[in-house]
1. Considering only Lys169, Lys159, Lys135, give the residue with the highest GNM mean-square fluctuation for the chain, with springs between Cα atoms whenever their separation is below 10 Å.
2. Which residues' amide hydrogens lie under 5 Å from the amide hydrogen of Leu34, considering only partners 5 or more residues apart or on another chain, with H built in the peptide plane?
3. Using 7 Å Cα-to-Cβ label points, what is the Asp40/Asp155 separation (nm, one decimal)?
4. Treating only the Cβ atoms of Lys and Arg (+1) and Asp and Glu (-1) as charged, compute the dipole magnitude of the range 41-112 about its Cα centre; round to the nearest 20 debye.
5. At a threshold of 8 angstrom on Cα-Cα distance, excluding pairs fewer than six apart, so keeping six or more, what relative contact order does the chain reach in percent?
6. How high is the FRET efficiency between Glu106 and Lys32 when r is their beta carbon distance and R₀ equals 25 Å, given to the nearest 0.05?
7. For helix 63-74, what angle does its Cα long axis make with the longest principal axis of the chain, in degrees from 0 to 90 and rounded to 10?
8. Along the range 108-124, what does the Karplus equation 6.51 cos²θ - 1.76 cosθ + 1.60 (θ = phi - 60°) give for ³J(HN,Hα), rounded to whole Hz, x for Gly and Pro?
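What follows draws every value from the coordinates through simple rules; no lab data is involved. Just so we're clear, the structure is a prediction, and the values are computed from it rather than from any experiment. Cβ sites come from the backbone with ideal geometry, for glycine too, and all protein chains shown count toward neighbours.
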Amino acid sequence: MKTIKLTLILLLAMISVKGISQNTGFYDFKVKTLDGKDFDFSTLKGKKVMIVNTASKCGFTPQYKDLEELFTTYGGKDFVIIGFPANNFLNQEPGSAADIQKFCTENYGVTFPMMEKISVKGKDMHPLYQWLTSKDKNGVMDSEVKWNFQKYLIDETGKLQEVIYSKEKPNSEKVLSWLSAK
């Protein structure tokens, strides 16, 4: 019996060292804001979260207005929107962090948190988006980021709930129903 226990302990230790059992949860991520400050996802515990990849030169860019209205109406202690500028689709987010911040503020009055520009697909995909798009990592579903302004809905426990594709506005009935559900 001692040999079996010891073998199991050694096996679990080896798996842990290789990272197989070290699944990253939503609250384990740490990213940088557009102004270079640390943003720890553990501060989001208990909130519903919408993650959205953004771009300043896209046909969906006017969704910034809808996102800001949604954040103004529902944001606070129970809900937050987090924007991730990304330049993965037809070079539609070519600007620097300062350019993006200026564009969002001057054109749409964005007050929800905006993070540093990342990659949301491909070989250099950010680990957060690896988590969002892989069932092996998020435990819920596989998805693919198809375009700018794709939205991921995360519940109060850090569980991925839904993917909202770009054509669906941030203030759609599906999103509003999700926000109002207890």
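1. Lys135
2. The answer is Met114, Met115, Glu116.
3. Result: 2.6 nm between the two label points.
4. So the magnitude is around 260 debye.
5. Numbers: 282 pairs, mean separation 45.5, N = 182.
Computed over the chain, the figure is 25 percent.
6. Approximately 0.70, to the nearest 0.05.
7. Approximately 70 degrees, to the nearest ten.
8. Listing the rounded values in order: 10, x, 4, 10, 6, x, 10, 9, 5, 5, 9, 9, 10, 7, x, 5, 9 Hz.
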